[in-house]
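Just below is one structure, and these are the notes that go with it.
The values are calculated or read from the model by the stated rules, or taken from the named source; none is laboratory data. Keep in mind that this is a model prediction, so the values were computed, not measured. Cβ sites come from the backbone with ideal geometry, for glycine too, and all protein chains shown count toward neighbours.
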């Protein structure tokens with residue numbers, strides 16, 4: 001087993017991932033739907049939507065996998081996020097990067113893996129949409145293309161979450177500024193109004 | 001032929017307008033959902049429709065040239081009445097649609113299956129539909145796939161809506177910052193006095 005390398009844009013990638021506000025949050029029907037479609041589309045017993053944090057892989061959605069997180073070191077998706085194309089491992093037992101990986105030797109006993117990166121418009125790979133099996137499988141270039149197409153949907157929704165949070169933050173700042181100005185103004189005219197009412 | 005309106009029609013239309021997606025150019029995400037629906041359901045025709053007051057707007061499609069249709073003759077006008085898929089196995093044998101066929105480059109639509117695009121509040125904005133020019137049936141697997149993709153599509157639309165809502169509030173706040181905030185401030189000061 002070989003520890004996955006860190007992407008060149010890791011710092012910005014993690015910032016974008018945090019911006020989505022989706023790390024370590026409860027399951028959401030929309031992402032569950034995506035992994036269900038992926039599992040059905042490729043007839044696979046397992047499918048996940050993984051987000052790769054500094055040291056942890058978090059499954060925002062999953063079918064056929066019981067764990068909610070794994071370490072990043074043993075995450076197949078940690079390899080997927082190194083590029084912008086789907087990453088396919090036809091047989092993990094014959095791939096030195098994954099021989100002895102606890103995800104292979106123990107539950108969920110991954111033998112086949114295919115993952116498409118979840119890319120932001122800037123090209124940061126937040127995680128991956130994956131399909132997996134406990135036996136070795138083939139995955140055609142056409143299959144990879146279809147997985148990549150499907151991965152664009154959750155990536156788009158994550159991007160909208162990110163934009164929404166940006167806007168909400170800006171909106172919150174504007175509201176606080178207004179409150180501050182109102183407060184200043186109220187304080188500055190309070191003596192005048194008091195004397196006015198007293199008179 | 002008159003088609004029943006959903007009970008929440010007014011609020012439904014408000015939600016639909018709030019998405020800002022009516023009568024707008026194609027967006028890749030929705031085109032891709034239409035393609036995925038056609039593939040998952042193994043059908044040659046698919047569309048994402050938005051049901052406005054009088055007409056159905058085709059936001060995305062494969063195998064279909066129409067970019068709008070009259071609500072009175074639209075399959076999707078029935079789909080938005082319920083929260084589960086609406087299926088017409090053979091439009092030619094269905095009195096509701098037999099006389100107002102939907103034309104495609106491959107011929108008239110005979111089979112239709114549409115899942116409503118439901119917002120979090122339960123408003124059906126339109127439908128994700130798959131169609132064929134020959135009669136057919138919707139398999140359980142295709143139904144499950146269609147419903148799942150409709151949920152993804154509706155979530156995308158809902159996100160557009162939420163983004164626009166926050167954008168509007170944000171702009172309103174900025175405007176308030178630019179004009180004098182005095183009136184709002186004077187009132188609490190007077191109350192305090």
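Among what's in the range A:1-21 and is part of a helix (DSSP H, G or I) and touching a residue at least 60 places away in the same chain (Cβ under 8 Å), pick the residue that is surrounded by the fewest Cβ atoms within 10 Å (Cβ to Cβ). Ranking the candidates gives A:12 first. Filtering the range B:67-86 to residues that are at pLDDT 90 or above and surrounded by fewer than 17 Cβ atoms within 10 Å (Cβ to Cβ) leaves B:67, B:68, B:70, B:81, B:82, B:83, B:84.
With a requirement of 1 or more residues that are without any contact (Cβ under 8 Å) to a residue 40 or more places away in the chain and within 19 Å of residue A:3 (Cα to Cα), the strands (runs of 3 or more DSSP E) lying completely within the range A:43-143 that satisfy it span A:56-63, A:69-71, A:87-89, A:112-119. Screening the candidates B:90, B:94 for the property of being away from every other protein chain (no Cβ under 14 Å) and either at pLDDT below 95 or under 13 Å from the mean Cα position of the chain (by Cα) (or both) yields one hit, B:94. I'd like to check something: does the range A:138-150 contain any residue that is facing chain B (nearest Cβ under 9 Å) and within 18 Å of the chain's Cα centre (by Cα)? Looking for residues that are facing chain B (nearest Cβ under 9 Å) and within 18 Å of the chain's Cα centre (by Cα), one finds at least one in the range A:138-150, hence yes.
For residue B:13, the conditions (1) within 19 Å of residue B:164 (Cβ to Cβ); (2) crowded, with 21+ Cβ neighbours inside 10 Å; (3) out of contact with any strand residue (DSSP E or B) (no Cβ under 6 Å at 6 or more places or on another chain) are fulfilled apart from (2).
When the range B:134-146 is limited to residues that are more than 8 Å from every other protein chain (Cβ to nearest Cβ) and assigned to a helix (DSSP H, G or I), the one that is surrounded by the fewest Cβ atoms within 10 Å (Cβ to Cβ) turns out to be B:140.
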